[in-house]
Each structure stands twice: as C-alpha cells, then as structure tokens.
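Following: one structure in structure tokens, then a few remarks.
Rule-based calculations on the coordinates, nothing more; no lab input. Keep in mind that this is a model prediction, so the values were computed, not measured. Using ideal geometry, Cβ is built from the backbone for each residue, glycine included, and neighbour counts are taken over all protein chains shown.
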Amino acid sequence: MTDREKTIEDLYRVFARYPRPKKVEGSPVTRPDVQYQRRMQGPLRDIRDGVVHWYVMKVFLTLGGIEDFKHFLPRILELVAEPYPLIDPWLAFGKLMYGEWDAWRASERQAVEAYLDAGFEAAIQWDNSREPDPYDMESSVAEWLEGLVRCVEDVSPFLARLMLEGNSQARSQFLAYYRHSARSQTDTKGAPFHQRATKNQLVIDQWMQSQG
C-alpha cells in the first residue's frame, strides 16, 4: 500500500463518525435530481465518480451541508487521487474552504493534511516518471497546485519540494506547463478561498520568476 493509499484509508477511518444522510437536502429554489439522490445512497466506496462529481459541483451552493460533506469526503478525495480523475483537485479542494476545514477537529485536519501531502508527492513522482518531451505540456504537479492554492495557508513548502534532488523532471514539466498554458481567469471574488488563492498564486508567480 502506498503512502497515498494509506492516507485515503485513514480518511475513511477518521470520517466514519459521520453517518450516511438519508437524503442530501437541496435549496428550495432548485429541483432535486431524484436519480442522483438515489445513487448517493449506496456503499460509500462504491459510489461512481460521475455521481460524486455531481455532488461536489453542487455542495454548499445549492445542495448539502457540512455533515453530509464530511461523510462523502473520503470518497471525494479518493477519486481525486485517481489517474486522470473526473473530479479535479481545484474543485474538490476549494470545497474544503467552503466547509471551513481550518476549524475542524484536529484529527480531521491532520487526516486531510496528510492526504494533501501524500497526494502532492505522488503527483511529483508521476511527473518524474515521464519521458522528457518538449511537446508534453501535461503536469500532475500543476493540477494539484491549482487545488492546493485554494485550501492551504502557504503553498511554499510544496514548491520547495520541487527543488529537491531527483525532482528535476517534475519541476521541468511544471515550468513548461505554467509558461505555455493560459492562466485561469475565473473570478473567485466572493468565494471563501479567494483570499488564500490570490496570496498563494502570488507566491507561485514569485517562485516562477526565480526560476528564470
């Protein structure tokens, strides 16, 4: 079992105290999707990624609340960690801020932090395993950083790990992605992660400048 898989199992253990909701409550102004509601009632580990993606898109906006979010969180984060996930890190990690995860129980915060750490390390190693290719602009590190900027207080320690010996391919892959891909122009004003994402993006910009 990899370190990332261990952190996922720990998430299931820590958040097991939150029971499956009989029904995920929605906004009175939106029409509930009965089909998706029914599919959310199966065993947690078996809920399909498309159904979980539907939930993550809506939770805290037109559907659900903190109790059901914590119940589904292990499955959400497990799916984010899969190769080529349907649920992007930026979407899932942004919802952590909607759920005010900084104020959760210490055991819950630690479980999430361990997952974020192990997941980022796995992204580094995935990119390190790529064959150098000037036309390959994919970067697992970039995808994780796009999520991390929204939920962690300071993204600097994650960037520092890219500078470690043995991570040169992952670093090059991230630099190529960042320099050749259009930056997201999504307006996040009003979102609970806006201030944190703005500050962390500035840290990344400054780090990029230091790389020449």
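Only one residue of 37, 76, 115 has its Cα farthest out toward the positive end of the dipole of the stretch 31-136, where Lys and Arg carry +1 and Asp and Glu -1 on Cβ, and that residue is 37. Note on the stretch 3-210: with charges restricted to the Cβ of Lys and Arg (+1) and Asp and Glu (-1), its dipole about the Cα centre is near 940 debye. Note on the stretch 53-151: Cα-only Rg and Dmax are 14.4, 46 Å.
Using the Kirkwood formula over every pair of different C-alpha atoms, what hydrodynamic radius in Å results for the stretch 57-107?
Hydrodynamic radius (Kirkwood, Cα only) of the stretch 57-107 equals 11.5 Å.
Per residue, the chain reaches -18500 deg cm²/dmol at 222 nm when only DSSP H runs of four or more residues are counted, each adding -39500 (n - 2.57).
For a paramagnetic label modelled at 7 Å from the Cα of residue 84 toward its Cβ, which residues of the stretch 97-127 fall within the zone defined by backbone nitrogen distances under 17 Å? Correct set: 126-127.
Residue-wise HN-Hα couplings along the stretch 141-146, as the Karplus relation 6.51 cos²θ - 1.76 cosθ + 1.60 with θ = phi - 60° gives them from phi, are 4, 4, 4, 5, 5, 4 Hz; Gly and Pro carry x. Take every Cα pair under 8 Å whose residues are at least 6 apart in sequence, average their separation, divide by the length of the chain, and the relative contact order is 20 percent.
In sequence order, the stretch 45-51 has phi-based couplings of 5, 9, 5, 5, 5, x, 5 Hz under the Karplus curve 6.51 cos²θ - 1.76 cosθ + 1.60, θ = phi - 60°, and Gly or Pro positions carry x.
Number of Lys pairs in the chain with C-alpha atoms less than 28 angstrom apart, excluding same-chain neighbours closer than eight positions? Here the count comes out as 18. When the alpha carbon coordinates of the chain are projected onto the principal axes, the ranges are 53, 40, 34 Å, largest first.
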